[in-house]
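What follows is one structure encoded as structure tokens, with my remarks underneath.
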Amino acid sequence: MCYVSRVDHSLSLPFKVLNPKVLGVKTTMSDQRRELLKHLPKVDDVLAQPVLKQWVGSPIVLKAVRDEIQAAREALLAGGKKAPTSSAVARAARKQIESSLAPRLTRVINGTGVIIHTNLGRSPLGKKVLDAVVEAASGYSTLEYDLGRGERGSRHELVTHLLTALTGAEDALVVNNNAAAVLLALASLAGRKEVVVSRGQLVEIGGSFRIPDICKASGVKMVEVGTTNRTRISDYENAIGPRTGLLLRVHPSNFRVEGFTEEVKLADLVALGEKHGVPVVDDLGSGALMDPASRTTLPHEPLSSASIKAGAHIVTFSGDKLLGGPQAGIIVGRREQVARMRKHPLMRAVRPDKITFAALDATLRSYFSTRTVGDEVPIWKMLEVKVSELEKWGRPIESALKSVAKSSGFVVNIERSMATPGGGCLPQAELPSAALQISGPGGMLTILQSTLRQANPPVIGYLRDGVFRLDLRTMYLEDRQTVIDAVRWALERMNS
């Protein structure tokens, strides 16, 4: 039996070697290096250190310790002069553990000027909504319990009365997002049949989720009609046949086609569907309960109530866009079609939990008073606030930061800017706004932007035209001192 102390896998030797020196091969590790490796702390010795006491017995501490010992070994092999002590490895492991256990989902201050910012969580929730969430989540609730009858109830009835009152629909249903709403509508109303949709409406919702993909996943066959820019009622009629399950209209909420265009009015599409006994599903995407054009300088956005009035059998839209509530897919429409969707097996897979229902319930109640909705739904407050108020709000920030910015080679000013609704709604629309603008050397502005992301809480801004901006329209009044402290901290850190 011949034992191998070292095998060089880059060589194809027909025999095994007991000692490399037999072949005159020089060893790559010196005696001194071997001696240093012997001084690496043992795993048990590191685990016994007081700084790791609270995690003893957890898999995460063992992995962290092994990782740090391996890193120390590699450092010695690369030329390091001294092996770390057990306490030093323990401190490094503790830092790794604390980083691993730190929350990944944290609050940030949005200075981007994008009100419904998908990457930053879309619509923020107001105080009344948060109170309702805490109330529902901190104990037991009536999620599926009927207090009147003293027996099992249905979560699907929790907000139905609010949605039908606000939209004029006969019935309503809530799922976990609008993509799920469309998927459920297709699967339950047209499963394994054909769905007719205009080529100009084959949108990508976001994150590479596309209408053709959703059609495929639901089991229906998509039939495209018309062209990218022009679709007529005759295109739909010519496509209807014995296997047609429904007609789908998709609102292009995240892009705009202009110029030589033509599209079919919803009422005409519904009339065609009624003629052939085919239901019409109207996917609004954002789906506002109030028209932004009536309260701001923004353009018109289709209302869910208008789609119901036009006769759509089913209307779907999001809860966390212009509605300003939690992530949810909202379905309103005729009683027969909603009932079919409610009974479909897919419904259980896409139903929301108690937290979503609590937040949605509180948000919807705010809409029964259009006078106060701007105070209770944060995105509407952000949409409606005047530029003069933003400038007044931002002056104290400007004053507090001028001296520290100047000493760091920067200039701070409150200047006019442009904000946007975001969230895949009202494409290309902008709102006049005001921003804290910081100008200075370009490279230093990039460092400032990066440093502010490390603040507590992180402050997210943007660089444009050689200026770093924190738009005030997407910030809260109560965060003013937090912004001042964060920018001052970032500037001072850059100087140190």
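Need the C-alpha centroid separation for region 267-344 versus region 392-470, integer Å.
Result: 37 Å between the Cα centres.
Setting aside same-chain residues fewer than 8 positions from Lys38, which aspartates and glutamates have a Cα under 20 Å from its Cα?
Lys38 reaches Asp67, Glu68, Glu74.
Could you work out the local net charge near Val404, counting Lys and Arg as +1, Asp and Glu as -1, over the other residues with Cβ closer than 15 Å to its Cβ?
Values: positive: Lys402, Lys406, Arg488, Arg493; negative: Glu398, Asp485, Glu492.
Surrounding charge for Val404 is +1.
Under 24 Å from the Cα of Lys95, which lysines turn up, not counting those fewer than eight places away in the same chain?
Within the straight-line limit of under 24 Å, Lys95 reaches these lysines: Lys42, Lys53, Lys63, Lys81, Lys82.
Dividing the alpha-carbon Rg of region 388-453 by 2.2 N^0.38 Å yields what? Mind dumping the intermediate values first?
Working: Rg = 14.2 Å, N = 66, 2.2 N^0.38 = 10.8 Å.
My calculation over the Cα atoms of region 388-453 gives 1.31.
Please list 46-54, 33-41 highest first by mean number of surrounding beta-carbon atoms within 10 Å per residue. Could the numbers behind the result be given before it?
On the way: 46-54: 16.3, 33-41: 14.2.
Peptide ranking by packing, descending: 46-54, 33-41.
Compute the Cα gyration tensor for the chain, then decide on rounded, prolate or oblate, letting a ≥ b ≥ c be the square roots of its eigenvalues: rounded whenever a/c is under 1.5, prolate when a/b is larger than b/c in the other cases, and oblate in all that remain.
Values: a/c = 2.11, a/b = 1.55, b/c = 1.36.
Since a/c reaches 1.5 and a/b is larger than b/c, the shape of the chain is classed as prolate.
Please compute the net charge surrounding Leu125, taking Lys and Arg as +1 and Asp and Glu as -1 over other residues with Cβ under 11 Å from its Cβ. Can you show the working numbers first?
Details: positive: Arg122, Lys127, Lys128; negative: Asp131, Asp320, Glu376.
For residues surrounding Leu125, the net value is 0.
Specify the angular offset, from 0 to 90 degrees and rounded to the nearest 10, of the alpha carbon long axis of helix 59-77 from the longest principal axis of the alpha carbons in the chain.
So the helix axis and the longest Cα principal axis differ by about 50 degrees.
In 5 Å bins starting at zero, report the fraction of Cα pairs in region 127-376 per bin as a rounded %.
1, 6, 13, 18, 19, 16, 12, 7, 4, 2, 1, 0, 0
Between Asp213 and Ser399, what is 0.36 nm times their sequence separation minus the Cα-Cα distance? Round to one decimal in nm. Don't jump to the answer; show the numbers that get you there.
Working: separation 186, 0.36 × 186 = 66.96 nm, distance 5.23 nm.
Taking Asp213 through Ser399 to full extension adds about 61.7 nm, to one decimal.
Output the 0 to 90 degree angle, nearest 10, between the alpha-carbon long axis of helix 178-190 and the longest principal axis computed from the alpha carbons of the chain.
Its long axis makes an angle of about 50 degrees.
Around Thr420, under 14 Å between beta carbons, what's the net of Lys plus Arg minus Asp minus Glu among the other residues?
Working: positive: Arg122, Arg256, Lys321, Arg464, Arg469, Arg473; negative: Glu301, Glu430, Asp471.
Net local charge, Thr420 excluded: +3.
Please tell me which of these pairs span more than 19 angstrom C-alpha to C-alpha: Lys128/Lys309; Lys265/Lys321; Lys128/Lys354?
Working: Lys128/Lys309 31 Å; Lys265/Lys321 24 Å; Lys128/Lys354 16 Å.
In this structure, Lys128/Lys309; Lys265/Lys321 lie more than 19 Å apart at Cα.
Spin-label point model (7 Å from Cα, Cβ direction): what's the Ser138 to Arg152 distance in nm?
Roughly 3.0 nm, to one decimal.
Does region 260-379 come out rounded, prolate or oblate, given a ≥ b ≥ c as the square roots of the eigenvalues of its C-alpha gyration tensor, rounded meaning a/c under 1.5 and, failing that, prolate meaning a/b above b/c? Could you put the intermediate results ahead of the total?
Values: a/c = 2.33, a/b = 1.18, b/c = 1.98.
Since a/c reaches 1.5 but b/c is at least a/b, the shape of region 260-379 is classed as oblate.
Assuming a ≥ b ≥ c are the square roots of the Cα gyration tensor eigenvalues, decide whether region 268-328 counts as rounded (a/c under 1.5), prolate (otherwise, with a/b larger than b/c) or oblate. Write out the running numbers ahead of the final one.
Details: a/c = 3.73, a/b = 1.81, b/c = 2.06.
In terms of gyration-tensor shape, oblate.
Only the coordinates and a few stated rules stand behind these numbers; no lab work does. Predicted model, so just to flag it, every value in this text is computed and none were measured. Neighbour counts run over all protein chains shown; Cβ positions are idealised from the backbone, glycine included.
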